[in-house]
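Peer 1: Got a structure for you, written out below as structure tokens; questions coming shortly.
What follows is calculated from the coordinates using simple rules that are stated; it is not laboratory data. Treat the numbers as computed from the prediction; the structure is a model and nothing was measured. Because the Cβ atoms are built from the backbone with ideal geometry, glycine has one as well, and the counts that use them run over all protein chains shown.
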Amino acid sequence: MRRNGSIGSDRPPTHQFTRSHLAIVVGFALMSLVPAIGLAQESVVVRAVMVKGALPAEDPTAAAWEDAQEAEFPLSPQVHWRERIQEVTVKAVKVRALHDGKELAILLEYEDPTEDPDDAAALEFMVGDKKAHFAHGQPMAQVEGGPVNIWYWKNKENKAVDMNAKGFGTLKAQEHQDVKAKGVYQNGRWRVVFSRTLTTEHREEDTQFKPGEFTSIAFAIWDGKKLESGDLKEKGSQKAVSSWWYFRAEPPPDYSPYLYAALAVGLAAGFQFVVIRQLKKKGAAR
């Protein structure tokens with residue numbers, strides 16, 4: 001006579017039955033930990049991670065920046081306005097960002113062979129829900145004009161200017177100045193940090209950042225080197241620019257998937273214990 005669970009039995013061994021069910025349950029539980037496919041690629045998104053403690057809002061060289069996620073964006077000559085140049089010095093910019101739930105800090109890092117008083121950099125954002133072209137909000141084809149919010153920094157003053165535009169020739173500094181900026185030049189490389197509160201009282205002029213939501217961001221860089229002619233290499237609309245990319249202030253971490261996974265594993269273990277106990281009782285009864 002053959003016993004249940006022995007070699008040649010008509011039924012599978014008890015341990016094989018319970019482990020197979022456990023594997024299925026645990027598998028589904030662990031799947032909840034895998035990031036969803038189809039999220040925007042990291043290379044086209046500036047992600048400002050939420051941190052505890054003080055932000056390095058006035059220190060472009062702070063060690064905290066090394067732990068921030070980096071994204072790199074290509075730059076090319078501005079070609080939408082008649083005053084343009086064919087070649088620019090800066091071909092790419094690396095961007096990092098952090099926030100603490102109230103204030104936001106964005107770091108630009110790029111190579112520049114020389115430090116010059118007129119070296120400059122800027123960030124650009126859309127204002128509100130209205131779509132705007134990255135070229136100062138200039139009306140283009142089917143895209144209506146601005147407004148855009150521009151954060152501008154120049155080495156000469158080493159501070160920020162908070163500005164608005166709604167097309168070429170409309171750039172104007174705001175009466176209120178909410179943005180701060182500071183740049184440091186080291187070893188042929190600029191590091192410039194911009195900072196501002198996530199939200200302001202001036203919703204018609206300032207971009208508002210809500211954690212968890214995507215907004216558009218663009219970059220501009222000027223090489224302020226003075227040429228032999230006395231002219232600046234890059235100035236005004238003669239600059240390196242990017243198109244719109246994405247920016248997102250990350251919400252606080254959500255640990256619920258881990259809790260659900262732990263709960264599923266616990267339920268699976270309990271299920272295994274109950275099944276084994278019942279099968280042992282049935283085997284003993286026989």
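Peer 1: If you count, for each residue, the other Cβ atoms within 10 Å and average over each peptide, how do 122-128, 63-69 line up from highest to lowest?
Peer 2: 122-128, 63-69
Peer 1: Please compute the contact order of the stretch 42-249 in relative form: average sequence separation of alpha-carbon pairs under 8 Å and at least six residues apart, divided by the residue count, as a percent.
Peer 2: 26
Peer 1: Follow-up. Just want the ordering: SER229, SER195, from fewest to most Cβ atoms lying within 10 Å of their own Cβ.
Peer 2: SER229, SER195
Peer 1: Separate question: Dipole magnitude of the stretch 103-248 about its Cα centre, charges +1 at Lys/Arg Cβ and -1 at Asp/Glu Cβ only, in debye to the nearest 20?
Peer 2: Value, rounded to 20: 100 debye.
Peer 1: Separation between the GLN278 and ALA64 pseudo-spin-labels, each 7 Å from Cα along Cα→Cβ, expressed in nm?
Peer 2: With each label point 7 Å from Cα toward Cβ, the separation is 5.6 nm.
Peer 1: Hey, fewest Cβ within 10 Å first, where do TRP245, TRP153, TRP81 land in order?
Peer 2: Result, fewest neighbours first: TRP81, TRP245, TRP153.
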